[in-house]
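**Student:** Let me give you the structure first, and then I'll get to my questions.
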Amino acid sequence: MGKMVRDSNGQEIGEVENVNPDFIEVKEGVIAKRHYYIPKYSVQLNDADNLITTLTKQEIKDRFSADNPVADMWRAPKL
């Protein structure tokens, strides 16, 4: 925890907030916080200071941004 997450271009995404078996929760910002739930399979490099993903920052913002826990993101809609 506390590692910096960077996209495939080296652009800073945010800091690792939490890790579960499938996702890495990343927090961006101090005041206006945004959370991303990035799949672990997209991590390309894990060194002492950084996690580098195979995704771009825009892909992460478009596909993995959420204010709710991951479980809420993937919950089936009620019919």
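Since every read-out is calculated from the coordinates, none of them should be taken as a lab result. All figures in this text were calculated on a predicted structure; none of them were measured in a lab. Virtual Cβ from ideal backbone geometry, glycine too; neighbours counted across all protein chains shown.
Residue-by-condition table, conditions (1) of a type in the set (A, V, I, L, M, F, W, C); (2) closer than 13 Å to PHE64 by Cβ:
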{"residue": "LYS3", "(1), (2)": "no, no"}
{"residue": "ASP7", "(1), (2)": "no, yes"}
{"residue": "GLY10", "(1), (2)": "no, no"}
{"residue": "ILE13", "(1), (2)": "yes, yes"}
{"residue": "VAL16", "(1), (2)": "yes, no"}
{"residue": "PRO21", "(1), (2)": "no, no"}
{"residue": "ASP49", "(1), (2)": "no, no"}
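**Student:** Being over 16 Å from GLU25 (Cβ atoms) and among the hydrophobic types (A, V, I, L, M, F, W, C) is the filter here; which residues of the stretch 44-61 pass it?
**Tutor:** LEU45, ALA48, ILE52
**Student:** Cβ contacts < 7 Å: first residue of a type in the set (Phe, Trp, Tyr), restricted to the stretch 11-24; second residue assigned to a strand (DSSP E or B), any location; separation 6+ or different chain. Result?
**Tutor:** PHE23/TYR37; PHE23/ILE38; PHE23/PRO39
**Student:** If I ask for residues that are surrounded by fewer than 19 Cβ atoms within 10 Å (Cβ to Cβ), more than 13 Å from MET4 (Cβ to Cβ) and under 9 Å from the mean Cα position of the chain (by Cα), which ones from the stretch 26-39 would you list?
**Tutor:** Across the stretch 26-39, the qualifying residue is only PRO39.
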